[in-house]
Amino acid sequence: MTRSATQTLTHPLGDLEVREETTPVHAADRPDAAWWRQAVIYQIYPRSWADADGDGIGDLPGITSRLPHLRALGVDAIWLSPFYTSPQADAGYDVADYRDVDPIFGTLADADAMIARAHELGLKVIVDMVPNHSSDEHVWFQAALSAGPGSAERERYMFREGRGEHGELPPNNWESVFGGAAWTRVTEADGLPGQWYLHLFDPKQPDFNWEHPEVRAEFESILRFWLDRGVDGFRVDVAHGLIKQQGLPDTEEERTVMLGHAEHDDDATPAAAQPEDAPRIDHTKRSPMWDQDGVHEVYRAWRRILESYGTPDRILCAEAWVEPQERAVKYVRSDEMHQAFNFDFLTSSWIAEDLKAVITSSLQAADSVGAPSTWVLSNHDVVRHASRLGFAPGTPRMNGISATDPQPDRALGLRRARAATALMLSLPGGAYIYQGEELGLPDSTDMPAEFRQDPTFARTNGAETGRDGCRVPMPWSADGPSLGFGPGANTWLPQPDVYAHYAVDQQEGVAGSTLELYRALLANRRRLSLGTGSLTWVDGYAADVVALTNGSDQRERVLVVANLGDAPVALPEDAEVVVASGPLEDGLVPSDTTVWAIWS
Ligand code: NOJ
Ligand code: MG
């Protein structure tokens with residue numbers, strides 16, 4: 001379908017001629033496309049969603065009891081961050097036993113019950129897989145420590161001799177994503193300092209040696225363990241890190257960008273105050289620890305395992321901070337993973353031209369390998385978009401916000417976050433939502449240092465605030481000891497006072513609330529099958545407007561207008577509004593507002 005007729009919009013600031021471009025940038029998917037090509041998946045951060053036993057930490061029985069919230073929200077699936085046995089040095093991303101549940105979260109029986117209840121409610125369940133590293137308390141690492149240098153046990157991890165006359169210097173110059181050296185020296189059985197082991201993250205997260213067949217076999221068996229329990233897929237942690245460049249050469253990069261963290265400089269002004277042209281990392285330089293070609297063969301083997309479970313498809317979703325997009329989409333070639341988070345969209349500024357460019361290039365890159373794009377705006381590693389967008393567009397992204405940093409404009413951030421989500425959910429492909437964003441939750445931006453638990457905070461002596469601000473327990477009700485999070489007053493991170501205002505019970509059934517907006521967006525996205533539609537840009541609006549149509553032969557065309565400019569903009573006369581991220585003003589779309597309209 002092409003629409004070439006020009007529509008003249010009568011506008012208080014002068015008439016506009018808007019017209020759909022003749023060629024879509026992305027063609028519609030098959031209407032019966034596999035579920036994951038269009039699914040909206042809700043991320044649960046188990047520590048912070050719902051606490052059944054009142055110890056202040058969320059748990060699996062808590063999750064099970066709250067699942068009806070997600071059924072009512074209208075998502076297709078959940079992804080849970082790790083709940084496996086773990087000393088919790090990195091909030092569960094340090095796994096000591098991949099086949100068991102940590103007692104703080106419950107038991108294997110609780111996991112089975114959670115999976116069964118989710119399925120009863122029509123929700124698929126994705127669990128986290130953490131293959132790059134284990135906990136240092138994993139039996140294999142403990143065995144490696146006691147077996148000593150040269151042993152078969154040490155081969156499963158990345159042990160090396162140090163440099164320098166007495167091996168006193170780390171084997172290379174790699175830095176940990178969390179700050180400090182990526183190597184730690186062990187004390188050998190004779191009581192003397194000995195070999196070093198690699199940890200791209202915390203010292204309590206030793207990296208596996210993925211060249212070792214036993215490591216590969218072990219993870220294939222772990223995948224089967226969870227597939228046999230009924231999970232529908234895996235989100236793969238640090239998917240681009242498993243294989244390191246042969247010989248482990250020094251890197252030229254000063255600071256890794258694994259989580260998109262800004263370059264770290266002790267003397268720098270706070271990130272939020274830096275000018276737009278502050279030095280950024282040169283992504284064209286390939287780094288010896290990330291995105292090595294050898295990782296792909298691992299995922300091809302995993303895909304074969306998942307496919308052996310038949311349909312509906314069980315899926316893999318890559319957490320791969322890889323640039324450029326041509327390399328990132330290699331993870332979603334048809335014999336590898338199904339999805340990869342679109343972090344270019346997450347990191348894009350609130351600038352219409354940037355968004356248009358990233359949407360176009362993302363769809364084209366994904367189309368080049370036949371994959372859907374997987375949109376995302378927030379997760380447990382980044383400042384929530386309701387806070388991030390409360391800074392001036394173009395402000396470099398920060399790793400947490402502390403009380404001494406410039407503070408986001410909360411009302412503006414929320415308004416833009418609602419508009420950004422409405423734009424995201426109108427796009428073809430899949431999308432991830434992070435718990436609490438359906439409430440419009442801001443980050444905790446004034447958490448006292450003594451509560452902070454992200455290892456990056458301690459490892460950089462507080463120079464990096466870290467990710468605790470986006471991990472605060474959910475407010476379910478305005479009253480109650482922990483805002484309905486659990487039966488006790490305790491919460492593992494303090495809830496800011498303002499969270500009461502955002503509680504689920506304050507928003508449910510309230511017209512115009514963020515929760516009701518998300519429900520309306522998700523219901524209409526499903527009804528109109530926007531996830532499998534085509535995308536065509538609409539010309540004629542000013543440069544600070546993102547305007548597109550989402551089309552399909554099976555239903556009416558949907559016009560999406562996101563106004564990032566100051567002046568309100570008009571809609572075509574024959575456009576019927578379906579949902580808007582905020583109230584229209586005299587029929588016009590005001591600043592920082594997104595509208596979906598049927599445009600037949
Ligand atoms: C990415 C996870 O999302 C993050 O939370 C974690 O710290 C690192 N990987 C290390 O596992
Ligand atoms: Mg608990």
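Please treat every number below as a calculation from the coordinates, not as lab data. Predicted, not measured: the structure shown is a model, and the values here were computed from it. No Cβ is skipped: glycine too gets one built from the backbone with ideal geometry, and neighbour counts run over all protein chains shown.
Too long at a 27 Å Cα-Cα cut-off: which of K124/K244; K244/K330; K124/K204? Beyond 27 Å between Cα atoms: K124/K244; K124/K204. As an exercise, use a Förster radius of 35 Å and the Cβ-Cβ distance of S221 and A523 to find the FRET efficiency, rounded to the nearest 0.05. Given R0 = 35 Å and the Cβ-Cβ separation, E is 0.30. Projection of the Cα convex hull of the chain, averaged over all directions and equal to a quarter of that hull's surface, yields 26.3 nm².
Highest mean first, the peptides 102-109, 543-550 sorted by other C-beta atoms within 10 Å per residue fall in the order 543-550, 102-109. In a DSSP loop and with at most 11 other Cβ atoms within 10 Å, there are no trypsin sites (Lys or Arg not before Pro) in the range 305-386.
Against the chain, whose longest principal axis is taken from its Cα atoms, helix 213-228 shows a tilt of about 50°.
Remark: the Cα gyration tensor places the range 287-357 in the oblate category, a/c being 1.5 or greater and a/b not exceeding b/c. With a/c under 1.5 counting as rounded, go ahead and sort the range 513-600 into rounded, prolate or oblate using the C-alpha gyration tensor (a ≥ b ≥ c being the square roots of the eigenvalues; past the cut-off, prolate if a/b is larger than b/c, else oblate). Verdict is oblate for the range 513-600. Each Lys and Arg Cβ is given +1 and each Asp and Glu Cβ -1; about its Cα centre, the range 139-198 then shows a dipole of about 160 debye. Going from the fewest other Cβ atoms within 10 Å to the most, the residues H385, H26 appear in the order H26, H385. If one takes the longest principal axis of the Cα atoms in the chain, at what angle in degrees, from 0 to 90 and to the nearest 10, does the Cα axis of helix 514-527 lie? Tilt relative to the chain: about 80 degrees. Cα convex hull, the range 139-198: 88 Å³ per residue, rounded to a whole number. Overall, the range 409-528 carries a charge dipole of about 620 debye about its Cα centre when +1 sits on the Cβ of Lys and Arg and -1 on the Cβ of Asp and Glu, all other atoms neutral.
Between L316, T187, A567, the Cα set farthest toward the positive side of the dipole of the chain (charges on each charged residue's Cβ, about the Cα centre) is that of L316.
Between R235 and V127, D128, M129, C317, the built amide H atoms are under 5 Å apart, and every one of these is 5 or more places off in sequence or on another chain. For the chain, the mean residue ellipticity at 222 nm estimated from helices alone is -6500 deg cm²/dmol, where every DSSP H run of n ≥ 4 contributes -39500 (n - 2.57) and the total is divided by all residues, rounded to the nearest 500.
Only one residue of L242, I104, A34 has its Cα farthest out toward the positive end of the dipole of the chain, where Lys and Arg carry +1 and Asp and Glu -1 on Cβ, and that residue is A34. Enumerate by residue number the trypsin sites (Lys or Arg not before Pro) in the range 516-600 meeting two conditions: DSSP loop (anything except H, G, I, E, B), and at most 16 other Cβ atoms within 10 Å of the site's Cβ. Hits after loop and neighbour filter: R555.
Pairwise inverse Cα distances across the range 284-402, averaged and inverted, put the Kirkwood hydrodynamic radius at 15.8 Å. Rounded to the nearest 20, the size of the Cβ-charge dipole of the chain about its Cα centre is 1420 debye, with Lys and Arg at +1 and Asp and Glu at -1.
Short-range pairs are left out: with C-alpha atoms under 8 Å and at least six residues apart, the relative contact order of the chain is 16 percent.
Compactness of the range 1-142, taken as the C-alpha radius of gyration over 2.2 N^0.38 Å, stands at 1.58.
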